[in-house]
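Accompanying notes for the structure given below.
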Amino acid sequence: MMMRFIALILLLVQQSLMARDAAVTDPQAVKTVTQPNPTGQAIQSMMLMGVFVLGMWFLLIQPQRKKAKELESAQKALKPGDKIVTSSGILGVVLNIKDKSLSIRSAETKLEIEKSSVLRVLERVGEPSESKS
């Protein structure tokens, strides 16, 4: 999808450059001086800005929104026994879950943290763990 988008932009740039070069090298075009259409140039500029905004949307904003939705669904699906990593790097096992916080056990320490500080779930209860061999 992204490669098609880039190819389309390059094709449009190439065509506009070829049209400009053809107008300059054409002997009849040199004799008749034409004035550029200001309305056409304004529309072309607006379209170019729109293309850049859409490009930034697909490159930056959309993947970040998708990742945020996945993180939110993972936080809602937490269960006691899940192994998690917090945003501060603490590894722990979920003991119990409250409305906005949860209790975890890390080594021999029991901590209470906010749900929003859960960065990712390493292992869910009932799912087999992946062994690295």
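Since every read-out is calculated from the coordinates, none of them should be taken as a lab result. Predicted, not measured: the structure shown is a model, and the values here were computed from it. Note: ideal-geometry Cβ built from the backbone for every residue, glycine included; neighbour counts use all protein chains shown.
Here the convex hull built on the C-alpha positions of the stretch 47-127 has a volume of 107 cubic angstrom per residue. Under 5 Å from the amide H of Leu95 lie the amide H atoms of Gly81, Ser103, Ile104, Arg105, each residue being 5 or more positions distant or on a separate chain, with H modelled from the backbone and absent for Pro and chain starts.
Here the 3J(HN,Hα) profile of the stretch 87-104, calculated from phi with Karplus coefficients 6.51, -1.76 and 1.60 at θ = phi - 60°, is 5, 8, x, 7, 9, x, 10, 5, 9, 8, 10, 10, 4, 10, 9, 8, 9, 10 Hz, Gly and Pro shown as x.
Please compute one quarter of the surface area of the Cα convex hull for the stretch 77-123 and express it in square nanometres.
2.8 nm²
Taking the Cα centre of the stretch 77-123 as origin and assigning +1 to Lys and Arg Cβ atoms and -1 to Asp and Glu Cβ atoms, the resulting dipole is close to 80 debye. Amide H to amide H, with H built 1.01 Å from N, Leu122 comes under 5 Å of Lys83, Ile84, Val85, counting only residues 5 or more places away or on other chains.
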